[in-house]
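Accompanying notes for the structure given below.
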Amino acid sequence: YPGNSIVLSDFSRFKSRTEWNHFYQGCLSQGLEGAIIKQGTAGYFTSVYKIKLMDTIDVVVVAGNRDHLSENPYSFKNILLATPTEDGKRLVTLGYIDRDEQKTHDLWETLSSKLIHLQQLNKPKEIDPTPIIPTTWFRPDIVVEVKARANKAKTDPRYKIKKKNGGPGFELDWMRLIRIREDKGVEDATNETDLIDRFFLPVNDLPESSPYQLT
């Protein structure tokens with residue numbers, strides 16, 4: 001109740017997928033990140049679903065932080081991901097993907113075992129500077145597929161992708177590891193320009209199969 005006024009939120013009821021898609025795309029067209037839904041018969045304090053646009057991208061593993069509490073000296077609690085620029089000369093950091101946020105630890109352990117052989121003391125020169133120095137740098141050879149969404153509400157400039165026109169940037173969050181792309185090299189990863197185009201796609205151009213994911 002800002003300014004001692006009570007503000008009521010608008011709500012809609014949906015009877016079909018078509019009605020829902022129209023409402024959701026309207027939210028995106030207003031610059032919102034998504035929508036909140038719940039069952040119409042549910043009480044006020046019932047848990048709700050937050051729905052945001054997500055996409056699958058291929059990114060490069062460039063660094064990580066060891067888990068000092070683990071008995072395994074090569075266990076990593078998080079891994080830093082990056083995307084190549086369109087010309088392939090630099091790698092732009094996107095942020096960390098956390099082990100504890102993954103659905104399965106088997107894939108994480110497989111990735112960690114591969115990264116052991118790529119460790120190096122110094123930051124590879126093609127990687128953009130990072131504000132927080134990780135415990136371990138890797139030779140940027142491994143590409144992984146992750147599911148992610150744009151978080152345009154964050155203003156932290158440390159891991160931010162900029163729009164082409166110089167407008168406000170965004171961060172990626174809720175990154176979930178899907179698989180290791182054994183079939184792809186760094187040059188095949190989703191580049192910065194493609195990534196920006198995906199997450200800033202105009203609402204009218206959204207395909208019918210746009211991945212509306214419950215999070």
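With each label modelled as a point 7 angstrom along the Cα→C-beta vector, the Leu107-Leu121 pair spans 3.5 nm.
Using r as the Cβ-Cβ distance of Tyr44 and Arg198, and R0 as 25 Å, what FRET efficiency do you calculate, to the nearest 0.05? Let's see the in-between values first.
On the way: r = 36 Å, r/R0 = 1.45.
After rounding, the FRET efficiency stands at 0.10.
Can you give the FRET efficiency to the nearest 0.05 for Glu86 and Lys15, using r as the Cβ-Cβ distance and R₀ = 45 Å? Walk me through the numbers before you get to the answer.
Details: r = 44 Å, r/R0 = 0.98.
For Glu86 and Lys15, the calculated efficiency is 0.55.
Read-outs: derived from the displayed coordinates by stated rules, not from any lab. This structure is a prediction, so every number in the text was calculated from the model and none was measured. In this analysis, Cβ positions are derived from the backbone assuming ideal geometry, glycine residues included, and neighbour counts consider all displayed protein chains.
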